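The values are calculated or read from the model by the stated rules, or taken from the named source; none is laboratory data. Keep in mind the model is a prediction, meaning the values are calculated, not measured. As a convention, Cβ positions derive from the backbone with ideal geometry for all residues, glycine included, and neighbour counts pool all protein chains shown. For the accessible areas, the whole protein counts, side chains as well, though only heavy atoms, and no ligand, DNA or RNA atoms are used. Shrake-Rupley method; radii C 1.70, N 1.55, O 1.52, S 1.80 Å.
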Amino acid sequence: MIVQSFWSKPFLKDSNHPNARFKGGWLHEKYFYYSTALSCLKFKEFYKEVDLYTDSNGEKILKTILNIPYSNYHNTLDPLNDYHENLWALPKLHTYSNQNTPFIHADTDVFIWEKFSDKIVNNPIFCQNIEDNYPIYGETLDHILQILDWIPTEIINSLYKHKRVVAFNAGVLGGTDLDFYKKLYRSAIKMIQENNHLFHKIDVGMLNMIYEQHLGHAIADKNNISIHPLFENIDPKFTQLTNFHLAGFHTKYVHAIGYAKKSVYACEQIEALLLYEFPEYYNRIKHNGLHNSLWKEQYEIKESRKNFLLTMFQWLRNNSISHIYNTKFSLNNSVKILDEGETITILFTKPQTNEIEKLELIDWDNILLYFQEPLSINELCNELMNDSDISKKYTKDKLLDKILSFVIDKCLIHEIFIPENVLELSL
Amino acid sequence: MKNDFLKRVKGALLSKEEAKTISGGYDHSYDYKCFFVCCPGGASGSPVINVNGCSDTRYKYYAPQFASGYCVDCS
C-alpha cells in the first residue's frame, strides 16, 4: 500500500521564508499539482493502491477540482489546523501513525519508474537514505538546542552515541513496525507541545527535519530497530536522486527534494514528463486548474520546446543504451564559442525563455569543446581512456555513465547538444 | 586541438564531480561551515574564535564528542 499526504495549511499560508511551504515550496503552485499528479500516477503503475491523506481543502482541490486519481482519499488532517503552519512534516507523521497495515509513504515530489525491492520495503523500517552528519542538522541543532525547553531523550542519546548527527531521509519511508511510527508521532507531538511557547524565537520550519528524520532515527536506534535504506551513499545535495535528465530510461527514481522545487529546469521536466506519460491527465488538470483559478498561466512551455522534449523522451526510451552511446551529438547551430585565450565562453539560447545565455567553460563544461564536430559518447570515452591517468580512475563503463549524464543534461535541459537524426522523428 | 581540450578537462575529470544542472538539498538560512553544536553551560576547554573562518564571534570550545570538534558557548 502506497500512502501520500497533503496538508493545505502551509500550502495556502503566504510566506517567502525558505523553510515555509507556501505553494508546497515550489517555484509556482501549478508545479505542486503537476508533481502530485505525476507522483500518484507513477506509483499507480507499480502498486495497486495509492491513497492520499489530506484535509478538507486538500480534498476539495485535489479530488473535486483536479480529480487526481488516488485510489482513496482520507480526510484526516483537519485536526492539525491548530498547529503552526511551518510544521509541514507533522501531517506526514500523523499519516504514518494512522496506518494499520505495513505501508510505504512517498512524498508527492517522488517519482518512480520501477517497483521498490521487496527485500527493503518488507523490513520493520525502511527509508530513502541515511543522512549521516549532513551539515544542515548541526546548524539546526546549534540554533534550537539553545532555546527549546524539552528535547526527547533519544536525541540526546543519539548525539552522544554517534558523536555526530545521524538521521534518515523520509522522502520514502515505511515498513512493518507500526508501533514505531505511533511512538514517533507521540514523541514529536510532545516535542512540539512542550516547546510551542518558544516558537517565536526559532525558525520553526527547520524543526521538521529534527522531529521527523533525526528523532525517527534516534528512536529506532534506542530500540535497536535496523533502518534499511533504499539508496546508499547519498550526498547532501542529493545529486544521485535528482537526475531528471535521465529519468525513465536510465534512472528509475527521482526526488525533487528541497530547493530542486525552485529550479525552473526541474519544474519544466515535471510538467513535460506528465504531458509525455499521461497526456489526458495533464490536459485535464491544466484545464481544471486554470478554469477554477487555482493558478494563472506562467512559465508556459513553448510548442517548439514541447516538441523537442517529447521527441527526446521518446527516443531515449525507445532505444537501447548502447544505441544512445553510439549516436553522434553535435553543438546546436545557435551555440557560439568565444575563445578569449585562457577563458572560453559559449553563448546559447536558453530554451525555457529564448534568452541568450552565457556559459564560461569551467571544469567538466570544457567537454563541450569536443563536440564541435559530431561525436558519440562512446567515441569520446575511447578518446579519454587513451589517457593513462583517466583510465586509472575510471573503468570504461563508469566513464560512459558519467559522459552520458553530462551529454543528456546539456541536451535535454539546455538544447546545447543535438543528437543526429533524432529530431526528424515525428511523434 | 584535442590535446588542448584534454588539458582543459583532465583535472576536472580526475578530481571533481560533474556539476549537474539540477540538484536538491535542504533549504536553509545558515552558512554550512558555521555549524557548532551548542554546549550546556560549564563546557571547558580553550576558547577558539572564528573557527573555519566563520563570522560568528561566540566562543567555541573544543568538544570532540561533536562532529565539528567544537561547540558554541550558549551563555
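Mind checking which helices (runs of 4 or more DSSP H) fall wholly inside the stretch A:159-260 and carry at least 3 residues that are within 14 Å of another protein chain (Cβ to nearest Cβ) and open to solvent by less than 50 Å² (accessible area, probe 1.4 Å)?
Values: elements: A:178-195, A:204-208, A:215-222.
Here the list reads A:204-208.
Rundown of residues vs (1) of a type outside the set (Asp, Glu); (2) in the same structural domain as A:Lys183 (by TED's automatic domain parsing); (3) over 16 Å from the mean Cα position of the chain (by Cα); (4) at pLDDT below 95, yes/no style:
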| residue | (1), (2), (3), (4) |
| --- | --- |
| A:His245 | yes, no, no, no |
| A:Tyr253 | yes, no, no, no |
| A:Ala272 | yes, no, no, no |
| A:Gln298 | yes, no, yes, yes |
| A:Leu309 | yes, no, yes, no |
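Looking at the stretch A:321-334, which of its residues are assigned to a strand (DSSP E or B), open to solvent by less than 50 Å² (accessible area, probe 1.4 Å) and more than 14 Å from chain B (Cβ to nearest Cβ)? Write out each step before concluding.
Step one: list which residues in the stretch A:321-334 are assigned to a strand (DSSP E or B), which gives A:328-331.
Subset that is open to solvent by less than 50 Å² (accessible area, probe 1.4 Å): A:329-331.
Matches in the stretch A:321-334: A:Phe329, A:Ser330.
Scan the stretch B:6-15 for residues that are at the interface with another protein chain (Cβ under 7 Å from one of its Cβ atoms) and over 18 Å from A:Leu400 (Cβ atoms) and report the count.
Restricting attention to the stretch B:6-15, the residues satisfying the condition of being at the interface with another protein chain (Cβ under 7 Å from one of its Cβ atoms) are B:6, B:8-10, B:12-14.
If we keep only those that are over 18 Å from A:Leu400 (Cβ atoms) as well, we get B:8.
Selection size over the stretch B:6-15: 1.
Out of the residues in the stretch A:369-409 meeting the condition of being facing chain B (nearest Cβ under 8 Å) and of a type in the set (Lys, Arg), tell me which one is least open to solvent (accessible area, probe 1.4 Å).
Here the answer is A:Lys402.
Scanning the stretch A:335-346 for residues that are more than 14 Å from chain B (Cβ to nearest Cβ) and open to solvent by 50 Å² or more (accessible area, probe 1.4 Å), which turns out farthest from A:Lys410 (Cα to Cα)? Please lay out each step first, then the result.
Residues of the stretch A:335-346 more than 14 Å from chain B (Cβ to nearest Cβ): A:335-336, A:338.
Those still in the list that are open to solvent by 50 Å² or more (accessible area, probe 1.4 Å) too: A:336, A:338.
Numbers: A:Lys336: 15, A:Leu338: 18 Å.
So, considering only residues that are more than 14 Å from chain B (Cβ to nearest Cβ) and open to solvent by 50 Å² or more (accessible area, probe 1.4 Å), the one farthest from A:Lys410 (Cα to Cα) is A:Leu338.
Any residue at all in the stretch A:355-365 that's more than 8 Å from chain B (Cβ to nearest Cβ), more than 22 Å from A:Gln269 (Cα to Cα) and open to solvent by less than 40 Å² (accessible area, probe 1.4 Å)?
No.
Yes or no: the stretch A:291-310 includes at least one residue that is in a helix (DSSP H, G or I) and surrounded by 19 or more Cβ atoms within 10 Å (Cβ to Cβ). Can you show your working first?
Step one: of the stretch A:291-310, the residues in a helix (DSSP H, G or I) are A:291, A:303-310.
Of the ones still in play, those that are also surrounded by 19 or more Cβ atoms within 10 Å (Cβ to Cβ) are A:308-309.
Yes, there is a match, as at least one residue in the stretch A:291-310 is in a helix (DSSP H, G or I) and surrounded by 19 or more Cβ atoms within 10 Å (Cβ to Cβ).
In the stretch A:97-116, is there at least one residue being of a type in the set (D, E, K, R) and buried (at least 23 other Cβ atoms within 10 Å of the Cβ)? Let's see the steps before the verdict.
Taking the stretch A:97-116 and keeping what is of a type in the set (D, E, K, R), we get A:107, A:109, A:114-115.
Within this subset, residues satisfying the condition of being buried (at least 23 other Cβ atoms within 10 Å of the Cβ) are A:109.
Yes - at least one qualifying residue is present in the stretch A:97-116.
Condition check ((1) closer than 23 Å to A:Leu215 by Cα; (2) assigned to a strand (DSSP E or B)) across all residues:
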site	(1), (2)
A:Tyr34	no, no
A:Glu59	no, no
A:Lys63	no, no
A:Leu87	yes, no
A:Thr108	yes, no
A:Phe111	no, yes
A:Glu139	yes, no
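Within the stretch A:381-404, can one find any residue that is part of a loop (DSSP other than H, G, I, E, B) and within 30 Å of the chain's Cα centre (by Cα)?
Step one: filter the stretch A:381-404 for residues part of a loop (DSSP other than H, G, I, E, B), giving A:386-387, A:394-395.
Now drop any that are not within 30 Å of the chain's Cα centre (by Cα), which leaves A:394-395.
Yes: one or more hits.
Go through A:Tyr185, A:Tyr134 for me and flag whichever is among the hydroxyl-bearing types (Ser, Thr, Tyr) and in contact with a Leu (Cβ under 8 Å, 6 or more places away or on another chain). Give the steps one after another, and end with the answer.
Values: A:Tyr134 fails: in contact with a Leu (Cβ under 8 Å, 6 or more places away or on another chain).
Going through A:Tyr185, A:Tyr134 in turn, just one is among the hydroxyl-bearing types (Ser, Thr, Tyr) and in contact with a Leu (Cβ under 8 Å, 6 or more places away or on another chain): A:Tyr185.
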